[in-house]
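The block underneath contains the structure these notes are about, expressed in structure tokens.
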Amino acid sequence: MAIPLVPKILRSHLLELASKDERIDGRGRWEGRQTKLEVDILPRAEGSAKVTMGDTIVYAGVKFQLMTPYSDRPNEGGLMCSAEVRPVAGRNWEPGPPSAESIELGRVVDRGIRESGCIDVKSLCIIPGEKAWQVILDLFAISDDGNLFDAFALAAIAALKNAKVPCERFEVGQDHLLEVSSMPIMCSYHKVGNRFVYDASKKEELGGDERIHITLGEANHVHSLQKGLKGIFSADEFVEIMEKAKDTSKELRKLVNSVVGE
Amino acid sequence: MAIPLVPKILRSHLLELASKDERIDGRGRWEGRQTKLEVDILPRAEGSAKVTMGDTIVYAGVKFQLMTPYSDRPNEGGLMCSAEVRPVAGRNWEPGPPSAESIELGRVVDRGIRESGCIDVKSLCIIPGEKAWQVILDLFAISDDGNLFDAFALAAIAALKNAKVPCERFEVGQDHLLEVSSMPIMCSYHKVGNRFVYDASKKEELGGDERIHITLGEANHVHSLQKGLKGIFSADEFVEIMEKAKDTSKELRKLVNSVVGE
Amino acid sequence: MAIPLVPKILRSHLLELASKDERIDGRGRWEGRQTKLEVDILPRAEGSAKVTMGDTIVYAGVKFQLMTPYSDRPNEGGLMCSAEVRPVAGRNWEPGPPSAESIELGRVVDRGIRESGCIDVKSLCIIPGEKAWQVILDLFAISDDGNLFDAFALAAIAALKNAKVPCERFEVGQDHLLEVSSMPIMCSYHKVGNRFVYDASKKEELGGDERIHITLGEANHVHSLQKGLKGIFSADEFVEIMEKAKDTSKELRKLVNSVVGE
Amino acid sequence: MGGYGDIKMIDENGLRMDGRSATDVRPITIETGVVPVADGSCRMTWGTNDVIVAVYGPMEAHPRKIQRQDRAVLDVRYNMAPFSTTDRIRPGFNRRSREISKVTADALASVVLLEMYPRSKIRVEIEVICAEAGTRCVGLTAASVALADAGIPMTDMVVSVASGKINDVVVCDLNKEEDNYGEADLPMGVLPNTGEIVFLQMDGDLSPEQFQTAWDYNVNAAMEVHKIMIEALKNGGAK
Amino acid sequence: MGGYGDIKMIDENGLRMDGRSATDVRPITIETGVVPVADGSCRMTWGTNDVIVAVYGPMEAHPRKIQRQDRAVLDVRYNMAPFSTTDRIRPGFNRRSREISKVTADALASVVLLEMYPRSKIRVEIEVICAEAGTRCVGLTAASVALADAGIPMTDMVVSVASGKINDVVVCDLNKEEDNYGEADLPMGVLPNTGEIVFLQMDGDLSPEQFQTAWDYNVNAAMEVHKIMIEALKNGGAK
Amino acid sequence: MGGYGDIKMIDENGLRMDGRSATDVRPITIETGVVPVADGSCRMTWGTNDVIVAVYGPMEAHPRKIQRQDRAVLDVRYNMAPFSTTDRIRPGFNRRSREISKVTADALASVVLLEMYPRSKIRVEIEVICAEAGTRCVGLTAASVALADAGIPMTDMVVSVASGKINDVVVCDLNKEEDNYGEADLPMGVLPNTGEIVFLQMDGDLSPEQFQTAWDYNVNAAMEVHKIMIEALKNGGAK
């Protein structure tokens, strides 16, 4: 991303708002933006989802390819997650090889999905040692107004739960839904004006400090964490956002279920 | 290419010449530069040609490799066309990854050859599903004084018509000439001083506007078109250059035949 | 490497010292820095060495992989030598794709090893046409105070002589020492203040002119030469350093034998 | 161009497999303002094609060496999303995309009043979310709308349509199946106010007469598509 | 995280295969000044991990466009040498290394007084010569020591430790075998003076209670490791 | 160096397979002005080698960061055309070409009076159109001629020749077959006015005596080749 030139004035404005416990768009500290989830919207993908969180808009698409299992894991298929933020998504996203920001974004979302074990790679095996499915999950941002992490993670799990394995096209049986055994949900918190807020907007990201990404599964098991950007936080601060993440992840899980069915 | 710094003065000079229906090197509007075609001049290539058009000089070389046909087209070999303009060819051609200019040049010349169907990829098959020829056509500019497009296209078809399939070296039968069933010819027109001229020199390219590339086959069938660079043209303008292209392509076809035999 | 900014003053200082037959660190013209050779110091490598020459420090690591022999050489394995100078090694080594300096360094060290024939690639074959060893020699600089060439070459031959072929891990027999049939030794000379000196330090490299690298084998057979950098030298100058290289290579050969055994 | 086999793409009544006549264009929808953070944007669906264009700028051109003293730089990127086709597209460098980006930029630069913004840059980002056939035409047309949505002055809009040939018959606006088995493709970019051309490519095989028919189909279709563009810009904003 | 098979990693007495208790850290050595040409450097061995860090700077940041008017730029690279692992690592671009470099830089930037050196650059080069498990923690910790060795002012050192889970039991500082079969990994970067956190990653599966245990193990272990760091800096220079 | 099999490359009369004696050089032709748009150029054929060199400059060096205040930058590129060898060469980055470009630049920089053109750049483009053996020598020699053709002042020309060893016999100027089966290769760049050296590489195996013979062969051959170069420059222009 190009270096944004305004953050100093923005920072002091955000600090002032924080002292009155206010946010730049009027939200409460733990309040997310309006979130809309649509699925099955990409005709060429086997699974797809679109997430709109305020002015942040992302797509997720799931494609399948046949692969030969690795010789040391003959009973397993593969899961590949690729996140791209192309320059379409905002003034500061530039063309060229992936930036460190973009790599971190992709890897953190990938770990949230992967480490939850929601896709059992053994279930992707067709003929041991010979043929297996590789699931490719592509995340694609159209409009970045902050918190691409949560938008990507939400679109990712919804697209997976909505994906049909194209057995017929590849002549290996009948089409069926991809098995997704659990539902990891990511909640991200950004330190803005000396305290963490949920679902930071782009302005809050630009004028804020560190961010913390928490991926929770069933029974509030932790599957993935990441602290990003320069900044220091205390154990107490962490305990507070972890508690909030437990509540928020429950609500988002309900949203996914209401859209794709349980 | 590096950004040339003189075009403004050059543009007004060209405009003035155009108003008197003159060209910077004294040629008539539809007059090409002196063109020399030599074939079979690269000892390591199976087919080769060198084209000299005024001070523009290019080589074409044809090489053969064995390939396994693609599984969805088991009866076909392949044709690959690669055009390189390395910094040897002129002050403004710079080292580094291929520029958009260079990519367009290669793809337009490639389409002219490919879309004419002059190489029947089925004739390149040796054993269906197992072995086929890949024809590799390499275009290489030594001196760029304008209109590399036509020079490349002419060298390309002459090198193909002159190519010997090296069956003996690869132990798959006896050497024979590559089958080339038709002869696509490209004619390029550049808008210089508000009207199109044929075979623009480098100076005309630098100070001109858009260019149009027309590839014609037998019976004046159109095989490939490309409008390049910023500029607007009318249907009438296009009709005029299309008629000229019909005449010029006939002459160039004669030249090729006179050098490589029909 | 970034362009160093001090060499003019440095050059005249070195010139003055040379006129008194002195060197910047007090050494004699043909005197090398204190050299320490340690082997078997990398637990994850099958062969390894660390060379300390004054403040220049490098590692060499040998790894083995199974490969399929090339179809035109079914009885041979492979030897690959890769030299990396990462930015850890000094202020002027920058990140990014390998510089021309770095490529030359790697290729010159590689040729010294390869051309001596010390590794017989036929001895690396396990099953002709099917399975062979690929020996990968990685050279890695930790601290560059000049003359990485000799440090790399010394670490390379020591690591090879110390390498155990990991047959057991790959289930192709019993572990055994890699066969190394001879011991090429590189000696490098740098023109500093109008005369060549042995084992130039970084300051001498920065303020000097051309360098000459000589790799000698048994009976003073020459296996590899390289003249690097801008500069002119005479046949007499060359004869002088060649004679010195014969002496010095003998001593270094003794050092290797004393550490890894003959 | 494929031209494979003997598949019949046009029936005895001159109708195509999707029921269109030779001159019919596939259904089109246009929506502006779909990328909220952009200065202008547009989503265009055209048959099963789904293309999103965002425009950023005019803004300062950096690094300085890309600046032009007398006009704005127009930076156009055409890209297909990995999930936009049946076989996934690997992200990264791609010669086809580079060429389409260049000819699209050349076409747009012919109508955008770049001289009004010296030293600045205008970015046009064309993303194909779902591809059928003719994505370069959809991208170029949608880019015109997005530039208008961003308030960038232009001498005219560019409307791009491709006619082609199947079973030796010229038809307008090939769909996917027709494109797979088609024998020629002639994409053009037309200025609706003057009928002039700013974009032209072609490959395949067309006799001089077929070529003229395809050209005429394109110009006529462009006039129709232009009406839909004007309507969308009048309605403004996202639905 | 692997989590494969039913291998027993902890015996009936609660001891691990290498004899450590759940809270024991592997043996650590620290030596400064090991890269003579650098402004500061450190070699840290931690179990079989062997990591070398060199610090260059503060020096002029070039090219100028990377300069910041109000502070130094911290340029951190984490890299694994090709011979540092059982399977050779190919040199070159690597997404994992890029991410670790970034989070390490973010952690160090939280404590280094970058404002003292406007327009300059500080380079931190982390090279893993031999890898066991937890290389990112060793790299970050060793970088703190190397920065101190270079005389770069910091508000505190960063001490990084990872606890994890094997056989459903939380243990501190996983070794290689434990990491291969482990079910979770929680690397943290702790400031010993305040107990605050500047580095945090986690993957695998931890219940809320297990998570708390792993967190506490890390904070306690960091205090121990910090003592060794202080001792090494007091001794100074290479042995 | 190959050194394969027992092929006899020298007959009982000491003649080589192409009829040359041990010290004979292959036939050479030189033509200047072959790249009309360049400031200087040269085509050199040497046996079946066919090499074209173009020189551009002195011209302004940009970007500015590559400029040197006290001299010109010499930018040399050695490249083999894809059709120059029996097996096609893929265009693109190539470590061998990068090294040859560097040592060629180093050799030429030793004789070109770079101090006469501060802040400027001289580009030397060496293109191997057809390769036999010894392309680096042909390239370096032809570059000298092209620089002279461009009027760039030099203290001397560089003449480059390689001697080698086959069947344990030292011979001058290996041809392709000799190179394939040869046991050593010693390319040198000689200044004909002084007999000094600006270019030197070697690989293979040479005893001290063989080495001296090969060296002498090269120096003598260089004097002969130099005459052809002088002749070509006197004749000037393309034939």
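What follows is calculated from the coordinates using simple rules that are stated; it is not laboratory data. For clarity, every value in this text was computed on a predicted model and none was experimentally measured. Note: ideal-geometry Cβ built from the backbone for every residue, glycine included; neighbour counts use all protein chains shown.
Given their separation in residues at 0.36 nm each and the Cα-Cα distance between them, C:Q34 and C:L66 gain 7.7 nm when the chain is fully extended.
Which pairs break 23 Å Cα to Cα here: B:K63/B:K122; A:K202/E:K121; E:K121/F:K65; B:K164/D:K165? Spell out each step's value before the answer.
Numbers: B:K63/B:K122 18 Å; A:K202/E:K121 28 Å; E:K121/F:K65 19 Å; B:K164/D:K165 34 Å.
Pairs exceeding the cut-off: A:K202/E:K121; B:K164/D:K165.
Based on Cα coordinates alone, diagonalise the gyration tensor for the stretch E:144-239, multiply each eigenvalue by 5, take square roots, and list the semi-axes in whole Å, largest first. Show your work: numbers first, answer last.
Numbers: eigenvalues 159, 41, 21 Å².
Sorted largest first and rounded, they come to 28, 14, 10 Å.
GNM on chain C, alpha-carbon springs under 10 angstrom: the most fluctuating residue among C:G90, C:G112, C:G193 is C:G90. Helix F:208-235 and the long axis of chain F differ in direction by around 50°, with both axes built from C-alpha atoms. Taking label positions 7 Å along the Cα-Cβ direction at both D:I7 and B:E179, the computed distance is 2.5 nm, reported to one decimal. In this entry, the stretch A:14-260 is assigned a mean projected area of 14.0 nm², taken as a quarter of its C-alpha convex hull surface. Between B:S19 and E:M154, the simple spin-label model (points 7 angstrom out along Cα→Cβ) gives 7.3 nm. What's the local net charge at B:K246, with K and R +1, D and E -1, over the other residues with C-beta under 13 Å away? Charge balance in the 13 Å sphere: -2.
With label points set 7 Å from Cα along Cα→Cβ, the inter-copy distances at B:Q34 are 7.5, 7.6 nm, sorted shortest first.
Counting pairwise Cα distances across chain F, what percent come out greater than 28 angstrom? Don't jump to the answer; show the numbers that get you there.
Details: 8668 of 28441 pairs.
Cα-Cα pairs in chain F separated by more than 28 Å: 30 percent.
Cut-off under 14 Å on the C-alpha distance; same-chain residues fewer than 8 positions from E:K102 excluded. Which aspartates and glutamates are left, in chain and number order? E:K102 reaches A:E101, A:E104, A:E210, E:D75, E:E125.
Only alpha carbons enter this Debye calculation for the stretch D:80-220, each as an equal point scatterer, and the log10 of I(q)/I(0) it gives at q = 0.10, 0.12, 0.19 Å⁻¹ is -0.37, -0.53, -1.17. Spatially, the stretch A:22-90 and the stretch B:107-166 are offset by 43 Å when compared through their Cα centroids. Summary value for chain F: 24 percent relative contact order, contacts being C-alpha pairs under 8 angstrom separated by 6+ residues. Largest GNM mean-square fluctuation among F:T104, F:T213, F:T141, using chain F with Cα springs under 10 Å: F:T213. Could you tell me how many degrees, from 0 to 90 and to the nearest 10, lie between the Cα long axis of helix E:135-149 and the main elongation axis, the longest principal axis, of the Cα atoms of chain E? The two axes meet at around 40 degrees. Rg over Rh for the stretch C:73-140 works out to 1.12, using Cα positions for both radii and the Kirkwood form for Rh.
Relative to the longest principal axis of the Cα atoms of chain B, the long axis of helix B:7-19 makes an angle of roughly 80 degrees.
The stretch F:1-78 and the stretch B:200-262 have Cα centres separated by 38 Å. With a 10 Å cut-off around each Cβ of D:203-213, the average count of Cβ atoms from other chains is 5. Under a Cβ-only charge scheme (Lys and Arg +1, Asp and Glu -1), can you give me the dipole magnitude of chain F about the Cα centre, in debye to the nearest 20? With only Lys, Arg, Asp and Glu charged at Cβ, the dipole is about 1300 debye. With q set to 0.21, 0.25 Å⁻¹, the log10 of I(q)/I(0) for the stretch E:6-97, from the Debye formula over equal scatterers at the Cα positions, is -1.16, -1.22. Pairs of C-alpha atoms in the stretch F:132-195 farther apart than 20 Å represent 35 percent of all such pairs.
Residue-normalised convex hull volume from the C-alpha trace of the protein assembly as shown: 193 Å³ per residue.
If you wrap the stretch B:141-218 in the convex hull of its Cα atoms and look at it from every side, the mean projected area works out to 6.7 nm².
When 1/r is averaged over all different Cα pairs and the result inverted, which Kirkwood radius in Å belongs to the stretch C:3-96? Please report the intermediate quantities before stating the final value.
Details: mean 1/r = 0.0563 Å⁻¹.
Its Kirkwood hydrodynamic radius stands at 17.8 Å.
Translational diffusion of the stretch A:165-262, estimated by Stokes-Einstein from the Kirkwood radius over alpha carbon pairs at 20 °C in a medium of 1.002 mPa s, is 138 µm² per second. Return the tail of the calculated pair distribution for the stretch E:39-81, meaning the percent of Cα-Cα pairs more than 16 Å apart. Above the 16 Å cut-off, the stretch E:39-81 has 53 percent of its Cα pairs. Ranking B:G77, B:Q65, B:I113 by Cα position along the charge dipole of chain B, where only Lys, Arg, Asp and Glu carry charges on their C-beta atoms, puts B:I113 farthest toward the positive end.
The lysines within cross-link reach of B:K254, meaning a Cα-to-Cα straight distance under 21 Å and a gap of 8 or more places when in the same chain, are B:K36, B:K50, B:K161, B:K244, B:K246. Taken as Cα centroids, the stretch E:172-239 and the stretch F:139-171 sit 63 Å apart, rounded to the nearest whole angstrom.
With K and R counted +1 and D and E -1, the other residues having a Cβ less than 14 Å from that of B:A159 yield a net charge of +1.
Working out 0.36 nm times the residue gap between F:D216 and F:D18, then minus their Cα-Cα distance, what length gain in nm do you get to one decimal?
Working: separation 198, 0.36 × 198 = 71.28 nm, distance 2.19 nm.
Using 0.36 nm per residue and subtracting the Cα-Cα distance, I get 69.1 nm.
Charge dipole (Cα centre; +1 on Lys/Arg Cβ, -1 on Asp/Glu Cβ; no other charges) of the protein assembly as shown amounts to roughly 3260 debye.
Think of the stretch F:1-73 as having a plus end and a minus end, set by charges on the Cβ of Lys, Arg, Asp and Glu; of F:V35, F:V51, F:G19, F:V35 sits farthest toward the positive end of this dipole. Within a straight-line Cα-Cα reach of under 20 Å, A:K131 can be paired with the following aspartates and glutamates, leaving aside sequence neighbours fewer than 8 residues apart in one chain: A:E46, A:D72, A:E76, A:D120, A:E168, A:E171, A:D175, A:E179, B:D72, D:D87.
When only C-alpha pairs under 8 Å and at least 6 residues apart count, what is the relative contact order of chain A, in percent? Once normalised by length, the contact order is 22 percent.
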